[in-house]
Amino acid sequence: MTHSFTDKMNEEVLEDKTTQRLHSRLLEISEIGRTKDDGANRMGYADLELKAKDKVVKWMKAIGMSVRVDGAGNVFGRYRGKDDSKVYMAGSHVDTVPNGGHFDGVAGVLTALEIAELWYEEAYIPEYSYEVVIFTDEEGSRFGSSLTGSRSFMRLIEDAELDKFRDPDGLTADQVFENIESTREEFLNGEGPDYPIRVYGEIHIEQGKQLEQKGLSTGIVNGIAGTTRTHVVFTGTAGHAGSTPMTGRSDALVAASEFISTLPGVPKSISDSAVATVGKIEVTPNGVNVIPGKVELIVDARDIDETQQGQLIQAVRKHAENIAEQSSVSVETDMMTRVKPIPAAPEIISKMETSFKRNAHLPVHLPSGAGHDAMNIARAHPMTMLFVRSIGGISHNPAEFSHISDIRDAALILKDFFENYD
Ligand SMILES: [Zn+2]
């Protein structure tokens, strides 16, 4: 694609103060860790992530917000409300995947800040204090994990997991924490579960095409899919590619290929929100002239409803067994990970629908296939999420783009939501 992020930003129509501010701030952040492909590279806990946070902190302080940082490096900027005993909270992250886009995460942080910014200009005091949060290392690029800042905040990471963490340079979690002037103890001691969050809101780019197809700028997330990972091993018989006749072969890769190519039908049979993907495969012995004796692959399957998620896991397993039986190979399946889906609470969705209507927007619902910091907060607190239209559904890529006016629409709706939440 020749049309770069910079070109696209230059063409944006900035019709009001909010779009102008979001546009210029997004550009400023985008300069931190800009790659040669016009993408973003800000790894969690790295200096570039800190630099992006510092920039936001500077903006927070300019409107009188008080700022603190916790043991995971999560940043909290507080705008005082009438009652300071509880907070409305909104935010996201500023780290990126390697050579990622400029909107994933940043859109959520800048819109959260924009709400405070508008209140400041209107001299509006919200019912409760309002916190803008920047969660550290959402993408998990540092340790090959995910959502580490919000999981620390909600005390969802244990000692044993930290022991296994190694960053791309081989640094341990403790060494990395030292860089951000924190310790393992502080990291493990997140305040989130007891934190007085009245409601948490997160704006995020959709990373899909549904809003674009519907011609809408923003929509309500009705649930965050829970990821499951199933390890599948097809075992056949390795043999010489030349001297073994075609009849009677037990080729593990032929079976695995059939399994993968017919897998898309499986989630379709469960629900509209179910998805299943094979993105990792290992062939043994992996030689040009050897019939593959063993294939290991991982099925990533997700849905936003726990019952459907269970049915999906069963269906994936059954599908593997059926293929193995037809292909005279054996199969073993083992579920490695199962994260519970997070449905959005109906009463919060209904409040959000009212905010959509007040802002003359159609309150469309859509599921989130990807995990977000919001799902961790939702373990203990009311949560809502809005998606913003992604152009072409592209994300985790320098070509990722959302129109500033679409981001503005979501910000104004979330602002209205907090003002009327009570
Ligand atoms: Zn994100």
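The values are calculated or read from the model by the stated rules, or taken from the named source; none is laboratory data. These numbers come from a predicted model, not from an experiment. Cβ: placed from backbone, ideal geometry, glycine included. Neighbour counts: every protein chain shown. Only protein heavy atoms, including side chains, enter the accessible area calculation; ligands, DNA and RNA are left aside. Shrake-Rupley method; radii C 1.70, N 1.55, O 1.52, S 1.80 Å.
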Point to revise | Pair list, Cβ < 8 Å and 6+ apart or interchain, from the stretch 125-139 residues that are more than 28 Å from Gly100 (Cβ to Cβ) and β-branched (Val, Ile, Thr) to residues that are at pLDDT 95 or above and away from the ligand (no atom under 13 Å from the Cβ) | key: Ile125/Arg80; Ile125/Gly81; Ile125/Lys82; Ile125/Trp119
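What helices (runs of 4 or more DSSP H), lying completely within the stretch 245-336, carry at least 3 residues that are within 30 Å of Met375 (Cα to Cα) and outside the structural domain of Pro367 (by TED's automatic domain parsing)? Steps first, answer last, please.
Values: elements: 252-262, 265-268, 306-326.
Passing ranges, in order: 265-268, 306-326.
Which fully enclosed helices (runs of 4 or more DSSP H) of the stretch 65-177 have 3 or more residues being open to solvent by less than 50 Å² (accessible area, probe 1.4 Å) and away from the ligand (no atom under 16 Å from the Cβ)?
By residue number, 106-122.
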Check your understanding: In the stretch 341-362, what residues are in a loop (DSSP other than H, G, I, E, B) and loosely packed, with under 14 Cβ neighbours inside 10 Å?
Key -> Ala360, Leu362
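Which residues, taken from the stretch 222-244, are part of a loop (DSSP other than H, G, I, E, B) and crowded, with 23+ Cβ neighbours inside 10 Å? Quick ask: steps written out before the conclusion?
Looking only at the stretch 222-244, we keep the residues that are part of a loop (DSSP other than H, G, I, E, B), and these are 225, 236-238, 241-244.
Ala225, Gly236, listed by residue number.
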Practice item. Quick one: which residue in Asn222, Asn189 is more than 17 Å from Phe153 (Cα to Cα) and in contact (Cβ under 8 Å) with a residue 12 or more places away in the chain? Key: Asn222
Review point. Looking at the stretch 321-329, is at least one residue small (Gly, Ala, Ser), in contact (Cβ under 8 Å) with a residue 40 or more places away in the chain and open to solvent by 50 Å² or more (accessible area, probe 1.4 Å)?
Key: yes
Review point. Of the residues in the stretch 121-140, how many are out of contact with any strand residue (DSSP E or B) (no Cβ under 8 Å at 6 or more places or on another chain) and not β-branched (Val, Ile, Thr)?
Key: 5
**Study point:** Filter result (of a type in the set (Lys, Arg), in contact (Cβ under 8 Å) with a residue 12 or more places away in the chain and open to solvent by 60 Å² or more (accessible area, probe 1.4 Å)) within the stretch 18-60
**Key:** Lys51
Study note, to complete from the structure: Expected single match for within 30 Å of Thr247 (Cα to Cα), surrounded by 17 or more Cβ atoms within 10 Å (Cβ to Cβ) and of a type in the set (Asp, Glu) among Glu332, Glu296, Glu282 is Glu296
**Study point:** Single match in Gly219, Gly201 (criterion: in a strand (DSSP E or B), modelled with pLDDT of 95 or more and away from the ligand (no atom under 16 Å from the Cβ))
**Key:** Gly219
Check your understanding: Can you name the residue in the stretch 1-17 that is assigned to a helix (DSSP H, G or I) and of a type in the set (Asp, Glu) and, of all such residues, is least open to solvent (accessible area, probe 1.4 Å)?
Key -> Asp7
